[in-house]
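Only the coordinates and a few stated rules stand behind these numbers; no lab work does. Because the structure is a prediction, the values reported are computed rather than measured. Because the Cβ atoms are built from the backbone with ideal geometry, glycine has one as well, and the counts that use them run over all protein chains shown.
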């Protein structure tokens, strides 16, 4: 099954439904998406406004920020989705950095 892509306008509509009282569970069921995605969109919107709903690719992340994110995740108390929302970073990118960090030294993060 192909991955459904949501435009920033779609995400804003979902957040409007949420603000108007719909539950994450009901919205997720209706749109056939993971309710955790709605949580991430909400966190990004609260932190960055409409810009936080834009795709996060095409951004260069410094090795220092990658290390900071990995350290924060390893310290516990935050999920990968919440961490990525906090820094407005793609979840799959963070997971790749974490795997790379585990396999290599910090200096080899690209």
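Of all residues in region 6-21, those being loosely packed, with under 14 Cβ neighbours inside 10 Å and farther than 13 Å from residue 50 by Cα number 3.
Among helices (runs of 4 or more DSSP H) lying entirely in region 2-75, which contain 3 or more residues that are out of contact with any helix residue (DSSP H, G or I) (no Cβ under 8 Å at 6 or more places or on another chain), within 14 Å of residue 88 (Cα to Cα) and touching a residue at least 60 places away in the same chain (Cβ under 8 Å)?
On the way: elements: 8-19, 24-31, 35-48, 63-75.
Fully inside region 2-75 and qualifying: nothing.
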